[in-house]
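Peer 1: Let me give you the structure first, and then I'll get to my questions.
The values are calculated or read from the model by the stated rules, or taken from the named source; none is laboratory data. Bear in mind that the values here come from a model prediction, so they are computed numbers and not experimental data. Neighbour counts run over all protein chains shown; Cβ positions are idealised from the backbone, glycine included. Please note that ligands, DNA and RNA were not included when accessible areas were found on the heavy atoms of the full protein model with its side chains. Shrake-Rupley method; radii C 1.70, N 1.55, O 1.52, S 1.80 Å.
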Amino acid sequence: MSTFLSLLNHYGAELESRRLNPDISRAIMGMSRCRTGALGHVQWGCQGCHHDDRTPLSCGHRHCPQCQHTNTMQWLTRQEAKLLPTHYFMITFTVPAELRKMAITHARCLYSLMFSVAASVLKDFAQRKHGGDSGFTLVLHTHNRRRDIHPHLHAIVPAGFYHPRRKQWHNGNKQFLYSHMALASVWRARLLTAIHA
């Protein structure tokens, strides 16, 4: 059993006594029962030798270190194989504090706008700086670590660009990608424009 799960079992009752978010409560309940038999068993048998084996079921929760470790490592290996041989930057696009309440009442619309605006900003900056195309991956986080509403996007951007006319990849400067002040300013202006449209 991992250290995390032993701590969870030791302090689980104290955690449950606090008013936790339902998602966190479900995660704690699932992980504390993972592979204990409380979630049931799978039974394997051999008709030839009459060997019988019962294995306790795992919780399958995405945060469980006990049952998701292998899946996580396999996923990481697949993702690493897709990486370009270049340096990467992480850029964060945060919704201004005054607009965060929209994430409660109009979540689907706001999140969709966040993705489209961030994509347009990154594409335009790549075109202006390099005259080429840059790929990126956007990941949405809806809350901060204290579970407060705090919508923001993390963008993983390679330090380089693809020149479509020459059909060539060019490695960029691995020390600097774009001015964060310029990115933030354009992001906020375009997001406000998109919301009012």
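Peer 1: Taking the range 1-37 as the region of interest, how many residues are at pLDDT 80 or above and surrounded by 13 or more Cβ atoms within 10 Å (Cβ to Cβ)?
Peer 2: 13
Peer 1: Can you find a residue that is modelled with pLDDT under 90, in contact with a helix residue (DSSP H, G or I) (Cβ under 8 Å, 6 or more places away or on another chain) and not in a helix (DSSP H, G or I) anywhere in the range 126-133?
Peer 2: yes
Peer 1: For the range 112-120, indicate whether the set of residues that are surrounded by fewer than 17 Cβ atoms within 10 Å (Cβ to Cβ), of a type in the set (A, V, I, L, M) and under 30 Å from His170 (Cα atoms) is non-empty.
Peer 2: Scanning the range 112-120 turns up at least one residue that is surrounded by fewer than 17 Cβ atoms within 10 Å (Cβ to Cβ), of a type in the set (A, V, I, L, M) and under 30 Å from His170 (Cα atoms).
Peer 1: How many residues are open to solvent by less than 40 Å² (accessible area, probe 1.4 Å) and over 19 Å from the mean Cα position of the chain (by Cα) if we restrict to the range 74-111?
Peer 2: The number of residues fulfilling the criteria is 3.
Peer 1: I need every pair where a residue in the range 54-74 that is in contact (Cβ under 8 Å) with a residue 40 or more places away in the chain has its Cβ under 8 Å from the Cβ of a residue that is open to solvent by 50 Å² or more (accessible area, probe 1.4 Å) and not small (Gly, Ala, Ser), sequence separation at least 6 or different chains.
Peer 2: Pro65/Phe4; Gln66/Met1; Gln66/Arg35
Peer 1: Residue pairs, Cβ under 6 Å, 6 or more apart or interchain, first in the range 112-132 and under 17 Å from Phe176 (Cβ atoms), second exposed (fewer than 15 other Cβ atoms within 10 Å of the Cβ). List them.
Peer 2: So the pair list comes out as Gly132/His163.
Peer 1: Among the numbered criteria (1) out of contact with any strand residue (DSSP E or B) (no Cβ under 9 Å at 6 or more places or on another chain); (2) in a strand (DSSP E or B); (3) not charged (D, E, K, R), which one does His63 miss?
Peer 2: (2)
Peer 1: Turning to a different aspect of this structure: Could you tell me whether any residue of the range 20-27 is farther than 29 Å from Arg145 by Cα and of a type in the set (S, T, N, Q)?
Peer 2: Checked the range 20-27: no residue is farther than 29 Å from Arg145 by Cα and of a type in the set (S, T, N, Q).
Peer 1: Six or more apart or on different chains, Cβ atoms under 7 Å: show the pairs whose first residue is in the range 174-197 and in contact (Cβ under 8 Å) with a residue 40 or more places away in the chain and in a helix (DSSP H, G or I) and whose second is surrounded by fewer than 16 Cβ atoms within 10 Å (Cβ to Cβ) and of a type outside the set (A, V, I, L, M, F, W, C).
Peer 2: Filtered contacts from the range 174-197: Arg188/Pro96; Arg190/Ser120.
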